[in-house]
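Values quoted throughout were computed directly from the atomic coordinates according to the rules given, and no laboratory measurement underlies them. Only a predicted model underlies this, so the values are computations on that prediction, with no experimental measurement involved. All Cβ positions, glycine included, derive from the backbone under ideal geometry; neighbour counts span all protein chains shown.
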Amino acid sequence: MTKLTKNTLFKAYDSKPETPMDKTTRVVRQMVDEETEQRDARISRLRNARLEREANKPAGGKASEASKSRRSKAASTR
């Protein structure tokens, strides 16, 4: 009987070489992941800027501006 070791007990399977299609898939997935990270960073940066701007803005100013613009549009169409 042969002596059992790591090398003789388990068979070492050689991985098959990467095909051109596998390489393309890997590169495209990497590109898409990078674009997703950039988009998420941009969205969070813009969201934080908007929330900060809204927090610093007085609450009553927004409603009065909207009603003025509606009145002026209605008056100009007549």
### Task
Give me Ser44, Ser15 ranked fewest to most by other Cβ atoms within 10 Å of their Cβ, as a rough exposure proxy.
Ser15, Ser44
## Note on the structure
Phi-derived 3J(HN,Hα) across segment 13-27 with the Karplus relation (6.51, -1.76, 1.60, θ = phi - 60°), rounded Hz, x for Gly and Pro, is 9, 7, 6, 6, x, 6, 7, x, 5, 5, 5, 4, 4, 5, 5
### Query
Quick one: Karplus J couplings for segment 30-37, per residue in order, coefficients 6.51, -1.76, 1.60, θ = phi - 60°, nearest Hz, x for Gly and Pro?
4, 5, 5, 5, 5, 5, 5, 4
